[in-house]
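What follows is one structure encoded as C-alpha cells, with my remarks underneath.
The values are calculated or read from the model by the stated rules, or taken from the named source; none is laboratory data. Given the structure is predicted, the values throughout are model-derived calculations rather than measurements. Every residue, glycine as well, gets a Cβ built from its backbone with ideal geometry; the counts of neighbours run over all protein chains shown.
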Amino acid sequence: MTQQAMAVVRRVARGGRSRTWSADRGLAAGALLVTPMLVLIAVMLLYPLWRLSSIALGAPHGIRNVSDFFASSANTRVMRITFVDSAIVTVICVGLGSVVAWSLRTTRSRRAKALLWAAMVLPFLMGTVTKLYALTVMLEDHGVINRALSGIGLTDHPLSLLYNQFAVVLGMTYQMLPFAVLPLLAGFQTIDPDLVRAAESLGASRLRALGSTVVPLSVPSLLASGTLVYIISVGFFLTPVLLGGATAPFTSSLIAQDIFDFYDVTTAAVSALILLLGSLLVVAVSWLLVGRERLAKAVAA
Amino acid sequence: MRRIVVCIACIAGLGVLVGCGGSSGGGGGSSTSTTTAQKVSGPVNVSTWGGVWTDGEQRDFGTPFTQETGVKVNYQVAGTSPMAPALLQAQSGNVSLDVVDAENAEVLRARGLLATFPPDLMQTIQSTSRPGTYLPYVLNLGSTATVIACNPSVMKRCPTTPQQFWDVKDYPGPRAILNQPSNALYFALVADGVAPDRVFPMDLNRGIKKLQEIKPSVKVWPSSGSDQQQALIDKTVGAAIMWNGRAFVVKRDNIPNLQISWTDALTSRSDGLVVLKDAPHKDAAFAYIRWILEHPRNQAAWTQSLTYPTPTTQLEQLVPRSIWEALPASHQVVKQDDAWLAAHTADIQRVWQGLLAG
C-alpha cells in the first residue's frame with residue numbers, strides 16, 4: 001500500500017472524513033434512494049396481498065372459510081389435479097428440456113442449432129389463444145390427428161383427445177418447454193462437454209458417461225428450472241379452460257367460475273391464497289436445496 | 001440502525017396509504033359533458049357481454065345516442081359476466097358503473113343495488129314496449145331462450161324434447177349442454193318428468209342425478225356463445241342445449257338443415273338493462289334507456305344482427321319474418337323463477353361444481 005493510501009486508512013479508521021471521494025453517501029441518502037422501490041413493492045405487492053387475505057379470511061366465516069373450502073370435494077379434487085398435473089408437466093418439460101438444452105450446448109451443426117432455437121422461440125411469437133385453438137383443431141374428434149388415424153385405418157372410432165387431462169398436459173407442456181430449456185441452457189453453459197469425452201475414453205458408454213458426469217453437475221439447474229416451470233404451471237388459466245373444458249378444470253378455472261357465474265368472491269380468494277402458498281412452499285424448498293443464486297440465475301434466464 | 005428501520009417503516013406506511021387512497025379516488029373516469037338538449041352529465045358506463053353483442057350495442061345504440069345528445073357511452077367488458085363487476089364494485093364501495101346488461105337482475109335487487117325506473121321513464125317503457133318485457137327495475141334487452149338444436153347429419157334421430165335429449169338409447173350421439181346451471185338443471189328436471197311450470201322451486205339433487213345419467217354422453221359443456229356454436233360447427237356434438245340466438249346463427253351460416261326445437265324452451269324475465277342505485281351518472285343512464293325506447297328502428301337493427309329480442313312493440317313489423325320466428329317472443333317459452341335462482345346461488349354452486357369438477 002502506498003503512503004497516501006495508508007494515511008487515508010488511518011484517518012478513516014479514526015472516524016474522520018477522508019479527502020478522497022467515496023461512494024458511501026450515508027444512511028439517509030441510501031434510504032431515500034430505495035424509497036421508490038419500497039413504495040412500488042408496498043403498492044403493487046403488499047397491498048394486493050393484504051386485500052386478498054382480508055377477502056379470503058373475512059366475510060362470511062373468517063378463518064373457517066378455509067376449512068369450508070376443503071369441505072367441498074370439488075375444490076379438493078381440482079386443487080389436487082392442479083398440483084399433480086403441474087408436477088407431471090414439470091417432469092416432462094425438465095426431461096425433454098434438458099435433452100434439447102444439452103443438444104443446443106454441444107451440437108456443432110449450425111443448422112441444428114438454428115432449428116432448435118427456432119422451435120424454442122417461435123411459440124413466444126404466437127398468441128396463447130391462437131396456439132390453443134391450433135391444438136384444438138388438431139385434437140378434436142374430427143380434427144387433424146383423428147382424421148389421419150382413421151384415414152390410415154388405425155382406428156374406427158375417433159380417439160377422445162380433447163376436453164380431458166391429456167389435452168391439458170399436452171398443451172401446457174408445449175407452452176412450458178421453452179421456459180424449461182432456457183434456464184437449463186444457462187446452467188449447462190457452465191458444464192464442460194469434454195467431461196463426457198473423458199468418461200468415454202475411460203470406457204463408459206455414452207449414456208453412462210452423461211449420467212455420471214453431466215447429470216450430477218446439472219442437478220441444481222434441473223431443480224431451479226423445474227421450480228420455475230412448476231410455479232408458472234400452477235397458475236395456468238387459458239389452457240385448462242380451452243383444452244380441458246368443464247370436466248378437467250384447474251383451480252384457476254374454478255376461480256373464474258366462482259366470480260363470474262356464482263358471484264362468490266370469498267371462495268375465489270381462498271383458492272388464490274392456497275395456490276400462492278403452495279407455490280411459495282415449492283420455491284422455499286427449492287431455495288433450501290439449490291441456493292438463492294442459482295435460483296435467481298434460472299429465473300433471470 | 002434504528003433510524004433506518006423507522007425511516008423505512010414510515011415510507012412503507014405512506015406507500016400503503018397511497019395505494020388505499022388511489023383505489024378509491026381513481027375509479028370511473030367521469031368527465032362532465034353537458035349538452036343543451038339533455039342537460040345530463042355523462043358519460044354512461046355500461047357493463048356488457050363483449051363480442052358481437054357489444055359491437056352491435058355500440059353501433060345501434062351508443063354511437064347514435066352520443067351523436068344526438070353529446071353524452072359519451074363507455075362499454076366495459078370484464079370477464080364472462082356483466083354483473084360481476086357491479087357486485088364487486090358495490091362490495092368495495094366504489095361504484096363507477098351506471099348501466100348493467102344484467103343476466104339476472106334479481107341477484108342485484110336482492111342486495112339492494114338497483115334503482116327503480118322513475119315514473120316518466122316507466123310511462124315511456126309502458127307505451128313503447130311489449131307486455132312482459134319489463135319490470136320496475138329491468139328492461140329486457142336480448143333475453144335469450146335456451147333451446148334444443150340438432151344436426152341431422154351427425155345424429156341418426158334428432159331429439160326435440162328434453163326427454164328425448166336424455167334418451168341416449170333411441171337418440172344416440174354426442175351432446176353438448178351449456179355450462180349454465182339454471183338452464184341445465186331445468187332441462188334435467190323436465191326430462192325426469194317434472195311439468196315445466198312446476199320446476200321451481202327446484203329439487204337440486206334430483207336434477208343433478210339426472211345430469212349424472214347423461215354426463216358420459218356430453219362431450220362439451222360450453223360456456224360462451226361462440227363455444228356453443230363451435231361445438232356444433234366442428235361436428236364435435238350432434239345435439240346441443242344452447243342459446244337460441246347462437247343456434248340461429250349456426251343455422252344461417254354453417255348448418256342450413258339444423259333443427260331447432262322450442263319445446264319447453266326456457267327464458268328469463270330479469271335479463272336486461274338495469275341502472276345501479278349508486279350509479280354516478282344516473283340521469284344520463286335513464287336518458288340512454290329512454291333513447292333506446294324512442295328509437296324502435298335501432299332496436300330492430302340490433303335484433304336483426306344478433307337474433308336477440310328487443311322490447312319494442314314494433315319489432316314484428318320491423319324485422320324479417322325469419323328473424324321474428326327465431327325470437328323467443330314468437331314462441332311459447334317457460335319463464336324461470338329468477339328470484340328463487342338468485343336466493344339459492346350458493347346451493348346451485350355447490351351441486352354444480354360437484355357435478356362437473358367433483
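Since B:ALA326 meets every condition but one in (1) within 21 Å of the chain's Cα centre (by Cα); (2) within 14 Å of chain A (Cβ to nearest Cβ), which condition does it not meet?
The number of the failed condition is (2).
Does A:ASP68 count as acidic (Asp, Glu) and either closer than 30 Å to A:LEU116 by Cβ or not in a helix (DSSP H, G or I) (or both)?
Values: acidic (Asp, Glu): yes; either closer than 30 Å to A:LEU116 by Cβ or not in a helix (DSSP H, G or I) (or both): no.
Here the answer is no, as A:ASP68 does not meet what is asked.
Would you say B:LEU211 is within 14 Å of chain A (Cβ to nearest Cβ) and over 30 Å from B:GLN304 (Cα atoms)? I'd like the intermediate steps shown before the answer.
Working: within 14 Å of chain A (Cβ to nearest Cβ): yes; over 30 Å from B:GLN304 (Cα atoms): yes.
Against the criterion (within 14 Å of chain A (Cβ to nearest Cβ) and over 30 Å from B:GLN304 (Cα atoms)), B:LEU211 qualifies.
Identify, from the list A:THR130, A:THR90, the residue that is surrounded by fewer than 12 Cβ atoms within 10 Å (Cβ to Cβ), more than 14 Å from every other protein chain (Cβ to nearest Cβ) and in a helix (DSSP H, G or I).
Working: A:THR90 fails: surrounded by fewer than 12 Cβ atoms within 10 Å (Cβ to Cβ).
Exactly one residue qualifies, and that residue is A:THR130.
Got a number for residues in the stretch B:331-340 being in contact with a Pro (Cβ under 9 Å, 6 or more places away or on another chain) and either within 11 Å of chain A (Cβ to nearest Cβ) or not aliphatic (A, V, I, L, M) (or both)? Let's see the steps before the verdict.
Filtering the stretch B:331-340 down to residues in contact with a Pro (Cβ under 9 Å, 6 or more places away or on another chain) leaves B:334, B:337, B:340.
Keeping just the survivors that are either within 11 Å of chain A (Cβ to nearest Cβ) or not aliphatic (A, V, I, L, M) (or both) gives B:337, B:340.
Going through the stretch B:331-340 one residue at a time, the tally reaches 2.
Sort out which residues of the stretch B:255-267 are on the phi < 0 side of the Ramachandran plot and touching a residue at least 24 places away in the same chain (Cβ under 8 Å), and write them in order of number. If you could, list the steps in order and put the result at the bottom.
In the first step, residues of the stretch B:255-267 are kept if they are on the phi < 0 side of the Ramachandran plot; the result is B:255-263, B:265-267.
Those that are on the phi < 0 side of the Ramachandran plot and touching a residue at least 24 places away in the same chain (Cβ under 8 Å): B:ILE255, B:ASN257, B:LEU258, B:GLN259, B:ILE260, B:SER261, B:TRP262, B:THR263, B:ALA265, B:LEU266, B:THR267.
Collect the residues in the stretch A:54-71 that are surrounded by 14 or more Cβ atoms within 10 Å (Cβ to Cβ) and in contact with a helix residue (DSSP H, G or I) (Cβ under 7 Å, 6 or more places away or on another chain), keeping them in residue-number order.
A:ILE55, A:ALA56, A:LEU57, A:ASN65, A:VAL66, A:PHE69
Against the definition (without any contact (Cβ under 8 Å) to a residue 60 or more places away in the chain, within 23 Å of the chain's Cα centre (by Cα) and more than 27 Å from B:TRP324 (Cβ to Cβ)), how does B:ALA188 come out, yes or no? Before you say what the answer is, go through the steps one by one.
Values: without any contact (Cβ under 8 Å) to a residue 60 or more places away in the chain: yes; within 23 Å of the chain's Cα centre (by Cα): yes; more than 27 Å from B:TRP324 (Cβ to Cβ): yes.
Spelling it out, B:ALA188 is indeed without any contact (Cβ under 8 Å) to a residue 60 or more places away in the chain, within 23 Å of the chain's Cα centre (by Cα) and more than 27 Å from B:TRP324 (Cβ to Cβ).
State yes or no: is A:LEU96 in contact (Cβ under 8 Å) with a residue 12 or more places away in the chain and within 14 Å of another protein chain (Cβ to nearest Cβ)? Even if it seems obvious, please write down each step before you answer.
Values: in contact (Cβ under 8 Å) with a residue 12 or more places away in the chain: yes; within 14 Å of another protein chain (Cβ to nearest Cβ): no.
Against the criterion (in contact (Cβ under 8 Å) with a residue 12 or more places away in the chain and within 14 Å of another protein chain (Cβ to nearest Cβ)), A:LEU96 does not qualify.
Quick one: which of B:TRP302, B:TRP262 is out of contact with any strand residue (DSSP E or B) (no Cβ under 6 Å at 6 or more places or on another chain), more than 23 Å from A:GLN257 (Cβ to Cβ) and more than 14 Å from every other protein chain (Cβ to nearest Cβ)?
Details: B:TRP262 fails: out of contact with any strand residue (DSSP E or B) (no Cβ under 6 Å at 6 or more places or on another chain).
One residue alone meets the criteria, B:TRP302.
Checking A:GLY58 against (1) more than 10 Å from chain B (Cβ to nearest Cβ); (2) at pLDDT below 90; (3) more than 30 Å from A:ILE259 (Cα to Cα): exactly one of these is not met. Which one?
Every listed condition holds for A:GLY58 apart from (3).
Return yes or no: is B:THR345 touching a Phe, Trp or Tyr at 6+ places or on another chain (Cβ under 6 Å), at positive phi and polar (S, T, N, Q)? Don't jump to the end; show me each part of the working.
Working: touching a Phe, Trp or Tyr at 6+ places or on another chain (Cβ under 6 Å): yes; at positive phi: no; polar (S, T, N, Q): yes.
Judged against the criteria, B:THR345 is not a match.
In the stretch A:192-219, which residues are surrounded by 20 or more Cβ atoms within 10 Å (Cβ to Cβ) and either under 20 Å from A:LEU177 (Cα atoms) or touching a His at 6+ places or on another chain (Cβ under 9 Å) (or both)?
Correct list: A:SER218 only.
Does at least one position in the stretch B:76-86 carry a residue that is surrounded by fewer than 19 Cβ atoms within 10 Å (Cβ to Cβ) and away from every other protein chain (no Cβ under 13 Å)?
Start the filter on the stretch B:76-86 by keeping residues that are surrounded by fewer than 19 Cβ atoms within 10 Å (Cβ to Cβ), which leaves B:76-80.
Keeping just the survivors that are away from every other protein chain (no Cβ under 13 Å) gives B:76.
Checked against the condition, which is being surrounded by fewer than 19 Cβ atoms within 10 Å (Cβ to Cβ) and away from every other protein chain (no Cβ under 13 Å), the stretch B:76-86 yields at least one hit.
Kindly indicate whether any position in the stretch B:224-238 is surrounded by fewer than 20 Cβ atoms within 10 Å (Cβ to Cβ), in contact (Cβ under 8 Å) with a residue 12 or more places away in the chain and among the polar types (S, T, N, Q).
Yes; the residues of the stretch B:224-238 include at least one that is surrounded by fewer than 20 Cβ atoms within 10 Å (Cβ to Cβ), in contact (Cβ under 8 Å) with a residue 12 or more places away in the chain and among the polar types (S, T, N, Q).
I'd like to verify a number: residues in the stretch B:68-113 that are within 14 Å of the chain's Cα centre (by Cα) and among the aliphatic types (A, V, I, L, M), how many?
11
For the structure I just gave you, tell me whether B:SER270 is among the small types (Gly, Ala, Ser), at negative phi and either in contact with a Ser or Thr (Cβ under 8 Å, 6 or more places away or on another chain) or within 14 Å of chain A (Cβ to nearest Cβ) (or both).
Details: among the small types (Gly, Ala, Ser): yes; at negative phi: yes; either in contact with a Ser or Thr (Cβ under 8 Å, 6 or more places away or on another chain) or within 14 Å of chain A (Cβ to nearest Cβ) (or both): no.
Criteria not met by B:SER270.
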